[in-house]
Amino acid sequence: MNEQSKSRPRTKRTLSNEEVIRLYNMGKRTEDIAKKANVSARYIRMILKKENISKRPHGSWKRRYTVNEDYFKTWSNNMAYILGFFAADGIVPKDIQSISIAQKEKRILEKIKLEMKSNHPIIQSKTTKIYILTLNSKIMKTDIMELHNIKPKKSLDLKFPHVPKQYLSHFVRGYFDGDGCIYEQKEFVNIVGGSLNFMESLFDILVIKRIEPIFKSFDTHYRLYISGYENVKRFSDWIYKDKGLYLERKYIRFTENRLYEIENK
């Protein structure tokens with residue numbers, strides 16, 4: 001290798017494998033993805049092969065998927081839940097007319113698809129094992145951003161959206177299913193977030209509901225801790241009352257701990 005080759009700067013790749021897969025499943029050509037990723041089309045095809053993504057038939061990029069594009073315009077228990085879930089695990093691309101939800105549990109994404117009347121595919125990264133549901137819709141992206149104030153790169157500056165009072169418990173259940181956990185055989189709940197504004201708003205809401213969270217600040221994120229039988233039970237009673245969509249694994253954890261015992265009416 002000569003000195004000129006040694007000093008040549010390496011090309012910096014600008015898209016992750018998950019972003020490459022998402023763009024490909026949206027119908028983007030490998031050549032267009034390559035330009036955006038700052039690599040060759042051959043390299044993109046290598047990624048898709050490595051991630052076990054089936055090659056599209058010729059011309060299939062023209063295929064249109066369906067979804068209820070006006071879904072986020074009308075409040076309901078399930079819409080509030082999905083909005084909360086999206087606030088935790090959603091992706092708003094800056095330059096693409098779509099929104100995505102990434103989750104390690106496929107079943108909840110399948111339920112969200114059904115609720116939204118969508119036939120978009122759910123893909124799984126071979127390396128991270130994360131499932132991604134991408135909804136191709138300019139209308140949905142606009143509604144998420146303008147009606148509910150969830151913007152690209154939301155993790156650090158997410159604002160708590162204006163949620164009607166009757167839907168707050170469902171929104172919080174959705175966010176908890178995305179970014180919260182209950183510890184096994186412990187009366188202890190942990191909710192995490194990167195936005196100070198959002199986490200302070202959530203803290204205030206829980207206090208109003210007579211739930212006594214502890215607010216902790218870390219270098220890169222914030223956490224709310226809810227501890228003690230009565231405290232955690234008030235939280236679980238509130239978020240699961242009249243529940244629609246929910247993550248079964250977390251709900252079962254509460255019921256195993258006998259922390260959710262109310263009857264839904």
query = Does a label point 7 Å from the Cα of ARG249, set along Cα-to-beta-carbon, have any residues of region 160-181 with amide nitrogen under 18 Å, and which are they?
reply = 173-181
message = What is the percent carbon and sulfur in the accessible area of region 75-164, measuring with a 1.4 Å probe over the protein chains and ignoring ligands?
response = 52
key: Separation in nanometres of the label points that stand 7 Å from Cα toward Cβ, at ILE208 and GLU256   = 3.4
note = Subtracting the Cα-Cα distance of LYS151 and ILE139 from 0.36 nm times their residue separation yields 2.9 nm
key: Principal-axis tilt of helix 168-179 within the chain, Cα atoms, nearest 10 degrees   = 50
ask   = Hey, could you pull the Cα Rg and Dmax for the chain, both in Å?
value = 20.8, 77
ask   = Most fluctuating residue of PHE86, PHE218, PHE254 in a GNM of the chain with Cα springs under 10 Å: which is it?
value = PHE218
remark   = Once the in-chain neighbours fewer than 8 apart are removed, the aspartates and glutamates whose Cα is under 17 Å from LYS216 read ASP179, GLU200, ASP204
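Please quote Rg/Rh for region 110-228 to two decimal places, taking the Kirkwood radius as Rh and restricting both calculations to Cα atoms. It would help to have the intermediate numbers written out before the result.
Values: Rg = 16.1 Å, Rh = 16.3 Å.
That ratio equals 0.99.
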ask   = Treating the beta-carbon of each Lys and Arg as +1 and of each Asp and Glu as -1, no other charges, what is the dipole magnitude of the chain about its Cα centre, to the nearest 20 debye?
value = 1520
task = Could you grab the Rg to Rh ratio for region 32-160? Cα atoms only, Kirkwood for Rh.
result = 0.97
key: Angle in degrees between helix 229-240 and the longest Cα principal axis of the chain, rounded to the nearest 10   = 60
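What GluC sites (Glu not before Pro) does region 203-259 have in DSSP loop regions with at most 13 other beta carbons within 10 Å?
On the way: sites: GLU230, GLU248, GLU256; in loops: none.
Here no GluC sites (Glu not before Pro) fit, given the DSSP loop and packing criteria.
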ask   = For LYS36 and GLN97, what is the calculated FRET efficiency with R₀ set at 22 Å and r taken between the beta-carbons, to the nearest 0.05?
value = 0.95
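The values are calculated or read from the model by the stated rules, or taken from the named source; none is laboratory data. This one's a predicted model, so the numbers in the text were calculated from it and none came from an experiment. Cβ: placed from backbone, ideal geometry, glycine included. Neighbour counts: every protein chain shown. Keep in mind that these areas ignore ligands, DNA and RNA; they rest on the heavy atoms of the full protein, side chains included. Shrake-Rupley method; radii C 1.70, N 1.55, O 1.52, S 1.80 Å.
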